[in-house]
1. Kindly provide the set of residues from region A:152-204 that are surrounded by fewer than 18 Cβ atoms within 10 Å (Cβ to Cβ), within 19 Å of A:Leu487 (Cα to Cα) and among the acidic types (Asp, Glu), ordered by number.
2. I'd like the full set of residues that are away from every other protein chain (no Cβ under 12 Å) and aromatic (Phe, Trp, Tyr), limited to region A:73-124.
3. Filtering region A:130-151 down to residues that are hydrophobic (A, V, I, L, M, F, W, C) and more than 7 Å from chain B (Cβ to nearest Cβ), which residue is surrounded by the fewest Cβ atoms within 10 Å (Cβ to Cβ)?
4. Given the condition of a type in the set (Val, Ile, Thr), within 14 Å of chain A (Cβ to nearest Cβ) and under 16 Å from B:Ala341 (Cβ atoms), answer yes or no: does some residue in region B:239-258 qualify?
5. Quick test of your reading of the structure: A:Arg452 fulfils all but one of (1) within 21 Å of A:Gly524 (Cα to Cα); (2) in contact with a helix residue (DSSP H, G or I) (Cβ under 7 Å, 6 or more places away or on another chain). Name the failing condition by number.
6. Among A:Thr403, A:Thr413, A:Thr429, which is surrounded by fewer than 15 Cβ atoms within 10 Å (Cβ to Cβ), away from chain B (no Cβ under 14 Å) and under 29 Å from A:Tyr93 (Cα atoms)?
7. Right, A:Thr156: more than 26 Å from the chain's Cα centre (by Cα), more than 10 Å from chain B (Cβ to nearest Cβ) and closer than 25 Å to A:Leu374 by Cα or not?
8. Out of region B:85-101, which residues are more than 19 Å from the chain's Cα centre (by Cα) and not in a helix (DSSP H, G or I)?
Amino acid sequence: MLCFQRQSNSVNEYDAIVIGAGHNGLTNAAYLARAGLKVAVLERNPYIGGATVSRELHEGWTYSNCSYVCSLLRPEIARDLELPRHGLQVVPYGGGVTFMQNGDIFGKYPEPERRYREMQRHSRRDADAWQRYAADTMKQTRLIRPFLMKRPPNPTSLRPGRLRELAEYGAAFGEMGEAGLADTMRFWTKSVADYLEEFFETDVIKAHLAGSGIIGTALGVYSPGTAYVLLHHYMGDVDGNVGSWGFARGGMGAVSGALAAALQSYGGEIISDADVGNIMVSGGKVTGVALRDGREFRSKIVVSNLDAKRTFLDLMDEGDLPQTVVQRARNFKIRGSSGKLNIALDGLPTFNGLDKKSRLMVGDFHFHDSLPRLERAYDDWKNETWSKDPYLDLLIPSLFDPTVAPPGKHMMTVFVQYAPPKINGREWTDEDKAGFEKSVLDQISNYSPDFRDLIVHCETRTPRELENEVGLTEGNIFQGELTFDQLLFNRPFPGYAQYRGPVKGMYMCGSATHPGGGVMAAPGANAAREILADLREPNVVPEGYADD
Amino acid sequence: MNPHQDEPIYLPTAFHSRQQQHNLLHAWGGWNGYLKPEAYTDIELEYFAIRSTTAVFDLSPMNKYRVTGPDAEAFLNRVLTRDVAKIKNGRVGYCIWCDDAGQVMDDGTLFHLGDNDYRLCSYTRAYEWLYWSSLGFDVAIEDETGTVAALAVQGPTSCTVLTAMGVTGLESLKPFGILEVSFQGQTLTVSRTGFTGDLGYELWIDTSAGEALWDALFAAGEPYLIKAIGTEALEIARIEAGFLQAGVDFVPAETAVRRGCTRSPFELGLGWLVDFDKPRFNGRKALLAERDAGSRYRYVMLDVDGNKPAHHSFILQHGKVVGTVTSAAWCPTAKTNLAFAQLELPADASLTGLVAEIYYERELRWNKVLAPCVAIDRAPFDPPRRRQTPAPAL
């Protein structure tokens with residue numbers, strides 16, 4: 001059993017230190033502080049949030065610089081940590097548009113009847129198939145949702161408690177029935193393209209839906225495993241509406257801001273400009289961290305919100321670690337695949353084929369109207385360059401949120417895929433970044449004649465900036481790919497999926513752990529539950545809500 | 001290409017301009033993508049129009065699929081559980097269809113309009129499923145939902161009203177029979193069908209003639225106290241008549257998410273619609289197995305003691321919960337408190353001692369009654385005029 005001192009003598013001595021003030025680090029620290037621990041979160045940047053951040057880079061405009069929409073944030077945590085009282089408001093948005101090369105569009109209305117007729121305009125069969133598709137994705141979603149706020153089971157342990165956890169998973173799968181189980185196994189291993197082909201015949205509808213299967217993932221729509229990534233984007237909810245997405249009012253920084261306020265309300269500290277260089281280990285136990293500037297913070301518990309590669313290969317001495325951990329950390333799949341443009345606009349752009357007053361303007365915009373086109377965008381990634389015809393997930397949050405742009409002006413957030421971590425084997429250069437930016441602006445301009453003229457400011461982030469500024473290895477937004485080999489008890493790798501590191505007192509709480517990325521805060525909360533259990537402290541972390 | 005603009009969420013039906021004139025409550029809802037009146041003036045008066053005069057209900061939003069081609073009968077025999085060959089030309093059949101697991105996808109009516117020419121009306125959108133089921137058959141399937149307008153004309157004076165409107169030969173039309181007449185140069189199809197359990201007809205016509213049909217009907221019906229009714233009044237009538245409503249009394253299998261929430265025909269009391277003499281139809285194997293092994297659920301109609309409708313009630317037997325109510329209503333004509341219940345009881349289990357646990361509120365005071373129930377075989381409302389031929393005139 002670990003001991004900790006509630007009263008420490010030195011200012012730099014804590015019961016627990018969390019490295020990284022991303023949403024999971026803040027969540028983890030908030031729960032530890034609420035349990036009575038003296039906690040500090042050390043943040044490398046002068047601002048908090050990690051990839052859940054709002055910044056004003058051009059006066060009057062607030063960007064969600066990395067993550068940009070919100071659905072997966074666990075409602076149990078938002079309620080339990082009183083995030084609304086600390087300033088968080090998530091406003092649901094709905095719908096989307098795929099602009100087609102022939103000048104037509106596919107409008108995915110959030111209202112079922114309009115969506116039905118719009119789908120019917122493209123294909124009568126596909127319009128009907130939607131109900132089958134919705135039921136099927138909901139079945140798969142319901143399987144995984146109960147496990148988001150639980151640690152994954154350890155399938156190799158025969159201890160009774162562990163077996164009980166495993167049995168819970170077994171029962172959930174058993175509940176699906178024989179046919180359901182077969183469907184589930186297929187679902188978790190197949191490509192999003194193959195999955196969609198089972199329902200739809202129309203290129204643009206398949207392409208519109210396939211985007212969720214590749215976002216943040218260095219795989220193409222025809223790659224096995226991408227169907228699960230689609231599910232990952234469907235398993236969240238806004239106020240119980242499973243699959244809904246929303247905007248955090250004030251940008252995603254509102255999430256980290258509310259978490260930070262909750263943490264501070266429990267007496268936790270956040271120390272910015274504190275760049276941890278080393279997790280100190282002595283005698284097989286963690287003793288604290290050393291900053292790159294030489295400062296040291298002592299603690300018997302160190303929690304890393306960083307991804308598994310950074311944590312084990314960068315912050316820890318490989319000699320302190322079991323050989324398998326070093327090996328697995330090196331082989332951990334965390335390939336960068338995406339970039340981001342945040343754009344301040346002087347007005348609302350006109351998009352070809354879509355009335356400016358349409359309900360669909362508040363939806364997510366895409367410009368790929370077929371699966372083969374999406375796959376060719378991935379081909380560029382394989383060829384170690386950015387997509388010349390990039391897949392975009394574009395939104396204009398200022399149509400919903402009056403705080404992110406001056407009145408009458410607009411803010412556009414553009415998620416871009418694909419962008420490889422290296423260009424032809426070398427680091428990204430400024431010229432590469434300019435080329436990447438141009439391919440995105442060109443893509444948008446193809447469908448919006450006045451867009452370019454409205455640009456007031458543009459922040460462009462390639463995997464280089466995502467790695468250097470945010471700290472995401474290779475710029476992978478999920479801290480590791482969400483493929484079946486890296487999920488549940490295999491996340492980040494076998495034997496280390498219950499948030500405990502290989503050294504006593506060392507824990508992981510980032511998206512590299514179960515249940516993965518997407519601004520859920522579940523990894524941070526689940527890790528806190530384990531830490532408190534190890535300390536024999538009462539649990540203060542909520543259980544998940546039940547769907548039924 | 002013009003920019004894409006949002007159209008209204010619910011579209012008007014062919015009768016909308018006329019419905020607007022009658023709909024003093026402005027109580028509109030959505031049905032299958034179309035605007036539907038929930039009530040026009042007063043639900044009770046609308047209900048009594050069904051039972052004492054003539055009620056008119058717009059059923060245009062119902063899904064309608066035209067099935068034609070040399071294999072039409074063979075195809076429908078594969079899709080539907082009953083023997084389609086027994087539904088002769090000029091006749092309508094109530095039918096259900098199942099998925100391969102023998103779970104009910106929907107119920108509906110099949111109209112045998114001509115040689116190799118059928119219309120299937122359904123609650124769910126079935127075009128895609130029909131398409132997949134049609135592979136290997138020489139048939140064409142056309143979705144007529146938006147092109148065929150339909151009115152239900154129901155009640156004791158309905159035959160008289162339609163005759164006054166100029167429909168000839170109606171009095172000799174048998175229940176589930178189809179008659180084609182000419183109406184202002186268009187073909188008007190009249191079927192002796194409905195969802196009210198009363199004497200009644202359904203009119204089918206091209207949407208372009210919708211308003212003219214409505215006007216002629218109401219002009220002829222005025223002396224006979226014709227009245228437009230909404231879905232609320234129809235709901236009471238259909239319960240009183242013992243008719244199931246898809247999406248209320250069972251979950252259509254294709255939309256179901258939770259395992260075990262769907263029902264087989266046997267579990268809905270619709271075993272009589274399953275014809276195992278047919279060598280092949282969707283769900284046959286699973287249904288055969290269920291016939292031999294027994295069903296999990298049992299559908300019953302309950303005569304509930306007292307006058308409090310047993311909405312969503314638990315049904316108890318000897319103090320144990322054995323099921324729940326799916327539909328309930330006080331039936332104003334039959335003067336019965338009726339409930340449909342799904343019971344988790346074997347087919348041969350005794351149905352004595354059933355009790356409905358009913359909660360109701362009066363001025364914020366909640367009351368609970370444990371109302372004894374008696375399982376009944378027939379719907380409490382079943383007047384002779386429903387099947388008399390010639391149909392009784394006023």
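The values are calculated or read from the model by the stated rules, or taken from the named source; none is laboratory data. These numbers come from a predicted model, not from an experiment. FYI the Cβ positions are ideal-geometry reconstructions off the backbone, even for glycines, and counts take in every protein chain you see.
1. Those that are surrounded by fewer than 18 Cβ atoms within 10 Å (Cβ to Cβ), within 19 Å of A:Leu487 (Cα to Cα) and among the acidic types (Asp, Glu): A:Glu168, A:Asp183.
2. A:Tyr93
3. A:Ala134
4. yes
5. (1)
6. A:Thr403
7. No.
8. B:Lys88, B:Asn89, B:Gly90, B:Asp99, B:Asp100, B:Ala101
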